[in-house]
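Participant: Quick one: structure below, then a few questions.
The values are calculated or read from the model by the stated rules, or taken from the named source; none is laboratory data. No experiment lies behind these values; they were computed from the predicted model shown. Here the Cβ positions follow ideal geometry from the backbone for every residue, glycine too, while neighbour counts run over all protein chains shown. Ligands, DNA and RNA are excluded from the accessible area calculation, which covers all protein heavy atoms including side chains. Shrake-Rupley method; radii C 1.70, N 1.55, O 1.52, S 1.80 Å.
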Amino acid sequence: MTPEALARGWVGTPYRHQASCRNAGADCLGLIRGIWRDLYGQEPVGPVIYSSDWAEVRQDEPLLVGLNGVMVPRLSGGLSCGEVVLFRMHVHAAAKHLGVIVQAGPEWRFVHACVGVGVVETSLSSVWQRRIVARFAFP
C-alpha cells in the first residue's frame with residue numbers, strides 16, 4: 001500500500017499524546033510511526049519523549065533533525081501524495097506538527113492528528129501551506 005492509503009486508514013483514531021496504535025490512539029508523530037511500521041515492519045528509532053506544546057520555543061529542531069536522519073528530504077519540486085509534511089505552528093516555536101499528503105491539487109488534502117479531534121483528513125489550505133517547514137518521502 002502507499003503511504004497516503006495507509007494514512008487514510010488511520011482516520012478516526014482518537015488523539016493520544018505519544019501513542020501510535022491505529023483505532024486506539026495516536027498523535028501526529030505516532031501516525032507517522034504507525035505508517036512506517038506498516039511499510040517496513042518495525043520502528044525507525046526507539047521511543048522519544050516530547051511535549052505536546054505546538055508553541056514550545058526552542059533553539060533546536062529535534063523533530064526536523066530526527067526526520068532528516070530516517071526519511072528522504074524533499075528539497076525541490078511541488079508537493080506529492082505520500083509526502084510527510086512538517087509544520088511550524090508559531091513563528092518562534094519549534095516545528096512540531098506532522099501530516100501526510102493524501103490528495104493532489106487543485107484540492108490538496110492531508111491526514112494528521114489533532115488534540116481533541118483525533119486523526120482527520122483536512123484541506124491543505126493556504127494557511128496550512130504557509131506553515132510547512134520541510135517535506136519528506138518515506139525511503
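Participant: Rolling a 1.4 Å sphere over the protein heavy atoms, what is the accessible area per residue of the chain, to the nearest Å²? Intermediate results must be reported in sequence, preceding the final value.
Facilitator: Details: 7030 Å² over 139 residues.
Heavy-atom accessible area per residue stands at 51 Å².
Participant: Counting only other residues whose beta carbon sits under 15 Å from that of residue 81, what net charge do I get with K and R as +1, D and E as -1? Could the numbers behind the result be given before it?
Facilitator: Values: positive: 8, 74, 109, 135; negative: 4, 83, 107, 121.
Net charge around residue 81: 0.
Participant: Another question, if that's okay. For 132, 35, give the ranking by accessible area with the largest first, probe 1.4 Å.
Facilitator: 132, 35
Participant: If you count only protein heavy atoms and use a 1.4 Å probe, how large is the accessible surface of residue 120, to the nearest 10 Å²?
Facilitator: Using a 1.4 Å probe on the heavy atoms, I get roughly 40 Å².
Participant: Ok, one more. Can you tell me the length gained on complete extension of the stretch residue 131 to residue 40, counting 0.36 nm per residue apart and subtracting the Cα distance? Walk me through the intermediate numbers first.
Facilitator: Values: separation 91, 0.36 × 91 = 32.76 nm, distance 2.88 nm.
Taking 0.36 nm per residue and subtracting the Cα distance, the gain is 29.9 nm.
Participant: Using Cα springs under 10 Å in a Gaussian network model of the chain, which residue among 97, 112, 17 shows the largest mean-square fluctuation?
Facilitator: 17
Participant: For 83, 4, what's the largest-to-smallest order of accessible area, 1.4 Å probe?
Facilitator: On the way: 83 5, 4 40 Å².
My answer, sorted largest first, is 4, 83.
Participant: For the chain, what relative contact order do you get, as a whole percent, if you take Cα pairs closer than 8 Å and at least 6 residues apart?
Facilitator: Values: 282 pairs, mean separation 41.6, N = 139.
So the answer I get is 30 percent.
Participant: Please work out how much accessible surface residue 15 shows to a 1.4 Å probe, ignoring ligands, DNA and RNA, in Å² rounded to 10.
Facilitator: 50
Participant: I've got another one for you. For the chain, modelled as a Gaussian network with Cα springs under 10 Å, which listed residue fluctuates most, 102, 65, 115?
Facilitator: 65
Participant: Taking the chain as a Gaussian network, where each spring joins two C-alpha atoms under 10 Å apart, which residue of 22, 37, 88 fluctuates the most?
Facilitator: Greatest mean-square fluctuation among the candidates belongs to 37.
Participant: Additional query: If I compute Rg/Rh (Cα atoms, Kirkwood Rh) from the structure I just sent, which labelled value in (i) 0.94; (ii) 1.01; (iii) 0.92 lines up?
Facilitator: Read-out from the structure maps to (iii).
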